[in-house]
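Some notes on the structure that comes next.
Quick note: the coordinates plus some simple rules give every number you see, no bench work behind them. What you see is a predicted model; the values in this text were computed from it and never measured.
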């Protein structure tokens with residue numbers, strides 16, 4: 001981490017995340033909270049985003065001052081999710097402190113706009129990035145470009161060399 005206390009943390013990661021490292025995400029939420037983070041942001045896609053939001057809500061049960069901001073690309077975005085993920089999505093949205101809809105419907109570039117809005121004003125980014133070109137890679141690249149520190153918690157430590 002840098003010298004600045006990370007009050008706002010953004011999560012970004014792959015849709016292919018299979019929930020096998022949920023304990024690691026929970027650990028990071030708790031550790032960042034203890035360091036002063038109180039607002040967490042997620043993009044609400046299946047996979048890592050929903051897992052990160054779930055971890056924040058678990059921490060919120062213990063720490064009432066935690067805030068969860070959700071950044072949803074467009075209204076109805078969750079309609080293509082599996083039934084279980086739609087239920088989880090609804091639960092997360094119900095418990096979110098703030099809900100940001102980027103657009104009313106899909107358009108080319110809406111994901112990148114969402115990702116940039118999540119990073120803008122954030123003090124820290126936690127990524128689940130496998131090192132390959134993707135929306136997560138674009139978000140990491142954008143965070144670095146605007147000077148926001150990034151910690152990649154993907155299980156391949158060699159990727160740390162690239163962030």
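Data table
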| quantity | calculated |
| --- | --- |
| Stokes-Einstein D for the chain, Kirkwood Rh over Cα pairs, 10 °C, 1.306 mPa s (µm²/s) | 102 µm²/s |
| Distance between the stretch 121-136 and the stretch 78-102 - C-alpha centres, whole angstrom | 21 Å |
| Gap separating the Cα centres of the stretch 38-73 and the stretch 13-29, nearest whole Å | 12 Å |
| Kirkwood Rh (inverse of mean 1/r, distinct Cα pairs), the stretch 56-103, angstrom | 11.6 Å |
| Mean ellipticity per residue at 222 nm, deg cm²/dmol - from DSSP H runs of n ≥ 4 across the chain, formula -39500 (n - 2.57) | -12000 deg cm²/dmol |
| Whole-number Å³ per residue for the convex hull built on Cα positions in the stretch 89-131 | 133 Å³ |
| Rel. contact order, % - alpha carbon contacts under 8 angstrom, at least six apart, the stretch 38-142 | 26 percent |
| Distance cut-off 15 Å, percentage of C-alpha pairs in the stretch 25-105 lying past it | 53 percent |
